[in-house]
Amino acid sequence: MEKNAIIAPSASVFMIFALSAPSPPPGNFPVGVTLWLCMWYSIGTAHRIFRKFVEFQETVTSVSSQPVMSKSPNRHNRLWMTAEPISEELCQAIEDGEMNTGETIKLRDLASVLVSKFEWSKQEASKLWCFRGTNCLVESCQGVQYLQEIKEHVIAAFNWMVSESVLAGEPMHGVRINLVDAMLHADAIHRGGGQIIPSARKCISLAMLSAKPALLEPVFLAEIVTDREAASKIHPLIMRLRGYVTDEQPKEGSPLLTVKAHIPVLESFGFSASLRGATGGRAFPQLLFSHWQPVSGDPTNPASNSGQLVKKTRERRRMVPLASTIEDLSS
C-alpha cells in the first residue's frame, strides 16, 4: 500500500484509493476531508486526483540573431521569421486596459496609437497583421508574391502559438513575431492551409528559441497585518519562499504593522498555515495577483530552475521532452 493511500470503508469491502499527490499540509486539512467524503459517497467510482499546478507564460528576452526558416510539408513553400520582446510599457498598457487590442478595434486605429505613444515607425505599424493579448504579428517582407493569400493561414498559426507556445504549451506573453521573407509556390493548391499553418507554427517556434526564451511565473502581492514583535519572524519565512519584502508601514493609532511582500504563486500553497505557525496566529495575510516575473535559468536546460518547471509541465501535459521537440524542429 502506498504511503498516501486513502481507505474508504463500506459494509463489506475496503477500497483503496492511491493518490498521486503528496499529503496535504496542515493548512489544507479541510481539502483532505472533502476528498475523503467525496470518495465515501461514491464508492465504486474511479477517481483521479491531480497535483496542484500553476499556469506559466512564455516570452523572449532578446531579438533573434538572424531569421529562421521553415519549409512546408510539401517542400514547395518557405517562410523566414524573427522574434523579439515587446516593450514593458506596451505590455503594461494592454494589461491595464489603457490600450485595446481586441478583435473589435481596427488595425489602422491600433497602428496610429503604436506610432504616437510607443515609438513604432509608420512603416512597421502599417504592416501589423494582428494583435492577440500582448503579442503581435508583423509582416516585414519586400516584394513577395501571393502574400495576402496566405495571410489568414499565418494568423491562424500565430493564434495557435499564442495559446500553446513552444517551451511547455503555455500561453505566450509580450512577443513580437516578424515575417521577414517568404517563397511561395505559384499554384494555389500547393500553398493552402494544410501547408502554410504547420510551416508557420514551426517557424514561430524556431524564432522564439533563437531569441533567448524565458518562462514567466505569476507573483502574489502579500499584504500582512501583524504586530511589531511578530513582524521579525515574517522576513525569514518570505525569503524561504523565494519572496522579498517591499514595504513595511505602521498603522496609525494602533500597534500593528502592514507588511507588503512579493511571493511566487508556486511557493504560496500553505502560506497562511506557515505564517500562522511562525507568528503564533498573530499575522493575517491577504494575497493578490501582482505581476509576472522570469524564472531563473535557461528553460532549455533541464538542470536549471526554469528547465525543471518546463520538464514537469510537459510531463503533466503528456508532451514529449523539450529536447525531442527542438530536435524535430531543427530537422
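So how far apart, in nm, are the two label points at residue 188 and residue 330 if each is 7 Å from Cα heading toward Cβ?
Between residue 188 and residue 330, the label points sit 4.0 nm apart.
Rank-order 203-213, 313-323 by packing density, defined as the average count of other C-beta atoms within 10 Å over each peptide's residues, highest first.
Going from most to least packed, we get 203-213, 313-323.
Using 0.36 nm times the number of residues separating residue 148 and residue 269, minus their current alpha carbon distance, what extension gain do you get? Spell out each step's value before the answer.
Numbers: separation 121, 0.36 × 121 = 43.56 nm, distance 4.91 nm.
Extra length available between residue 148 and residue 269 comes to 38.6 nm.
Expressed as a rounded percentage, what relative contact order does segment 75-204 have, with Cα pairs under 8 Å and six or more residues apart?
Over segment 75-204, the number comes to 38 percent.
Could you give the accessible area per residue of segment 275-331, probe 1.4 Å, as a whole number in Å²?
On a per-residue basis, segment 275-331 sits at 63 Å².
Please list, in order, the residues from segment 167-181 whose amide nitrogen is less than 13 Å from a point placed 7 Å along the Cα→Cβ vector of residue 319.
Once the point is set 7 Å along Cα→Cβ of residue 319, 167-173 turn out to lie under 13 Å by backbone N, inside segment 167-181.
Would you mind classifying segment 89-131 by shape? Square roots of the alpha carbon gyration tensor eigenvalues, ordered a ≥ b ≥ c; an a/c under 1.5 is rounded, otherwise it is prolate if a/b is larger than b/c and oblate if not.
oblate
Long-range amide H contacts for residue 220: which residues qualify at under 5 Å (H placed 1.01 Å from N, peptide plane, sequence gap of 5 or more or a different chain)?
Answer set, sorted by chain and number: 263, 265, 290.
Ranked highest first by average number of other Cβ atoms within 10 Å, how do 131-140, 219-228 line up?
Numbers: 131-140: 21.2, 219-228: 18.1.
Packing order, densest peptide first, comes out as 131-140, 219-228.
So what does log10 I(q)/I(0) come out to for segment 81-176 at q = 0.12 Å⁻¹, using the Debye formula with one equal point on every Cα and no solvent?
Results for segment 81-176 at q = 0.12 Å⁻¹ read -0.38.
Run the 1.4 Å probe and let me know the accessible area of residue 59, rounded to the nearest 10 Å².
We get 10 Å² for residue 59.
With a 1.4 Å probe and every protein chain left in place, work out the accessible area per residue of segment 64-119 in Å², rounded to a whole number.
In whole numbers, segment 64-119 has 64 Å² accessible per residue.
Where in segment 249-275 is the amide nitrogen less than 17 Å from a point lying 7 Å along the Cα-to-Cβ axis of residue 54?
Only 261-275 pass the distance filter.
R0 = 22 Å: FRET efficiency of residue 140 with residue 112, Cβ-based, nearest 0.05? Could you put the intermediate results ahead of the total?
Values: r = 19 Å, r/R0 = 0.86.
Efficiency computed from Cβ-Cβ geometry: 0.70.
Which order do peptides 150-161, 107-118 fall in by mean Cβ count within 10 Å, highest first?
Packing proxy ranking, top to bottom: 150-161, 107-118.
Indicate the gyration tensor shape class of segment 205-331 (rounded, prolate or oblate), computed on the Cα atoms with a ≥ b ≥ c the square roots of the eigenvalues: a/c under 1.5 is rounded; otherwise a/b larger than b/c is prolate and the rest oblate. Mind dumping the intermediate values first?
Numbers: a/c = 3.86, a/b = 2.85, b/c = 1.36.
Cα axes put segment 205-331 in the prolate bin.
Could you work out how much longer the chain between residue 247 and residue 62 gets when fully extended? Use 0.36 nm per residue separation minus the Cα distance between them, nm to one decimal.
Between residue 247 and residue 62, full extension yields 63.4 nm more.
Taking θ = phi - 60°, what integer Hz values does the Karplus form 6.51 cos²θ - 1.76 cosθ + 1.60 yield along segment 148-153, in sequence order, with x for Gly and Pro?
3J(HN,Hα) across segment 148-153, in whole Hz: 5, 6, 9, 4, 4, 6.
How long are the semi-axes of the equivalent ellipsoid of segment 245-301, defined as square roots of 5 times the Cα gyration tensor eigenvalues? Whole Å, largest first.
Ellipsoid half-lengths, sorted descending, are 28, 15, 9 Å.
Could you check the spin-label model distance between residue 289 and residue 260? Points 7 Å from the Cα along Cα→Cβ, value in nm.
Between residue 289 and residue 260, the simple spin-label model gives 1.9 nm.
If you stretched the chain out fully between residue 225 and residue 75, how much longer would it get, using 0.36 nm times the residue separation minus the C-alpha to C-alpha distance?
47.7 nm
Working from the alpha-carbon coordinates of segment 257-331, get Rg over Rh, Rh being the Kirkwood radius.
1.17
State the percentage of accessible surface on segment 204-305 attributable to carbon and sulfur atoms; use a 1.4 Å probe and exclude ligands, DNA and RNA.
Here it works out to 55 percent.
The values are calculated or read from the model by the stated rules, or taken from the named source; none is laboratory data. Predicted, not measured: the structure shown is a model, and the values here were computed from it. Neighbour counts run over all protein chains shown; Cβ positions are idealised from the backbone, glycine included. Accessible surface is based on the protein model in full, side chains and every heavy atom, while ligands, DNA and RNA are left aside. Shrake-Rupley method; radii C 1.70, N 1.55, O 1.52, S 1.80 Å.
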